[in-house]
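Peer 1: One structure follows; several queries about it will come next.
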């Protein structure tokens, strides 16, 4: 079964700077989809829509100008057939250009529309937040998590900073990158997202994904079932040339702090 590319996360993001280019209405999020289109429902993923409609996921992504990790959102219109002339035209194109919604990096699962007006304009709190207790969210996920690599933590997760939607772990180039939990590889390859290189996304459950970026080489293909600790790739380096792994965990398409799920480093 073909599923998504977190991260967004993922992934991805995966991930920073990735935007959805699907058709997204502004005031008609719940109106019936016009002929030839599908309106995304909360909880949908692109791979599940493609499988249900018997359309190749990459073809569906291309019709809707979606790049990995293929983020989609509740209320968004997806084109379900080859665009006339290879692209949207007429009213569809005008509606798409007027109503494109900025995407959260690497979000692959359709998110529920916010119940309250966006508050992004409010200044971020500057107070120092206590470090999360390692593993405190693992039991609620129903999964057993492990570190994908061992190494010094170079960057922590910051929920309000799109450049810090995961953690970054120092490791030598070529170090094995392991699956953080059991699951299925739903994306494997070059992400097309600036600075993230070869990317892998693993789907662990209907709610949880993990994303692995900056890989020198990927060793698994999409659709492969993997076990926690199984090697997925080899560590590469960031765009700045620093050896490291970028790692994200996503719940319902949104990034969460991986340190809440990973066991205490030791």
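Nothing in this text is a laboratory measurement; each read-out follows from the coordinates by a stated rule. Since this is a predicted model, take the numbers as computed values, not measurements. Cβ: placed from backbone, ideal geometry, glycine included. Neighbour counts: every protein chain shown.
Peer 1: When you count, for each residue, the other Cβ atoms within 10 Å and take the mean per peptide, how do 203-216, 50-63 rank with the highest first?
Peer 2: Final packing ranking: 203-216, 50-63.
Peer 1: Now for a separate question. Please report how far the C-alpha centroid of the range 170-229 lies from that of the range 36-70, rounded to the nearest whole angstrom.
Peer 2: 21
Peer 1: Scattering from the C-alpha atoms of the range 139-216 alone, worked out with Debye: what is log10 I(q)/I(0) at q = 0.17, 0.22 1/Å?
Peer 2: Once normalised to I(0) and log-transformed, intensities are -0.75, -1.27.
Peer 1: Going by average Cβ neighbours within 10 Å, how do the peptides 227-233, 173-179, 257-263 rank, with the highest at the top?
Peer 2: Highest-to-lowest ranking by the protection proxy: 257-263, 173-179, 227-233.
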